[in-house]
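Okay, so here's the structure we're looking at.
The values are calculated or read from the model by the stated rules, or taken from the named source; none is laboratory data. These figures come from a predicted structure and were not determined experimentally. Methodologically, a virtual Cβ is constructed for each residue, glycine included, from the backbone with ideal geometry; neighbour enumeration extends over all protein chains shown. Keep in mind that these areas ignore ligands, DNA and RNA; they rest on the heavy atoms of the full protein, side chains included. Shrake-Rupley method; radii C 1.70, N 1.55, O 1.52, S 1.80 Å.
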Amino acid sequence: MQYLRMNYSIVEAVKQLLTPLNYLRIQYSQRCLFNIIIPLLITTLLLSGLIVLPKPINIFGNNGLISVITGFIQILVGFYIAALAAVATFQKEGLDSLLAGEGATLLVQRQGIKKNIQLTRRKFVCYLFGYLAFLGIALYFIGSISNLISESLKVAIPVSCFFITKWLFVFCYLFASSNLIITTLLGLHYLTDRIHRP
């Protein structure tokens with residue numbers, strides 16, 4: 001019984017740590033466009049450019065593509081956390097009103113009962129910047145670790161396998177980075193315009 005309780009508490013702890021990812025579960029009209037379609041288009045264009053360039057660009061290493069992206073993300077994470085703190089505590093009339101238009105909903109479970117809740121402007125923007133901070137931290141560490149182990153993997157696994165793994169990783173990393181940038185622009189739209197509308 002105690003073992004089951006401990007496992008349950010671990011599951012609950014992991015759920016709490018992953019709370020920022022609830023942003024991906026929010027239902028709103030342009031969700032697919034901002035989270036999948038635009039990042040996928042950007043990723044495809046960037047990846048195509050990397051492949052067809054006559055002189056290849058370093059992907060890993062100190063001056064490689066991943067290093068450039070992680071350096072940029074390192075700056076952004078502080079902004080995301082500051083923006084989250086500001087939105088969570090900012091006192092403004094209308095910030096706690098529901099989103100205009102079709103609005104946004106999130107399926108939550110409270111006391112064992114699942115229900116869809118309508119999100120306020122404040123709640124939506126908090127989820128958005130919480131997600132950005134989480135994704136930024138994850139991309140920073142994944143990028144840094146990939147830079148550290150890329151040479152060892154190149155030696156340890158067959159060349160053909162390394163080639164496929166490398167470009168699959170680059171695709172996923174660029175997609176997540178594109179998602180980060182597009183969601184950042186969406187967050188800036190809300191901070192600069194939407195939350196100030198009556």
Those residues of region 37-65 which are surrounded by fewer than 15 Cβ atoms within 10 Å (Cβ to Cβ) and part of a loop (DSSP other than H, G, I, E, B) amount to L53, P54, K55, P56, I57, N58, G61, N62, N63
With criteria (1) free of Cβ contacts under 8 Å to residues at least 60 places away in the same chain; (2) of a type outside the set (S, T, N, Q); (3) surrounded by 10 or more Cβ atoms within 10 Å (Cβ to Cβ); (4) touching a Leu at 6+ places or on another chain (Cβ under 8 Å), A13 comes up short on (4)
Selection from region 81-105 of residues part of a helix (DSSP H, G or I), touching a residue at least 24 places away in the same chain (Cβ under 8 Å) and open to solvent by 60 Å² or more (accessible area, probe 1.4 Å) yields I81
> Do we find a residue being over 30 Å from Q111 (Cβ atoms) and modelled with pLDDT of 90 or more anywhere in region 20-32?
Replying inline: yes
A careful count of residues in region 106-137 that are touching a residue at least 24 places away in the same chain (Cβ under 8 Å), open to solvent by 30 Å² or more (accessible area, probe 1.4 Å) and aliphatic (A, V, I, L, M) gives 2
query: What do you reckon, is F162 farther than 30 Å from F79 by Cα, open to solvent by less than 70 Å² (accessible area, probe 1.4 Å) and not aliphatic (A, V, I, L, M)?
result: yes
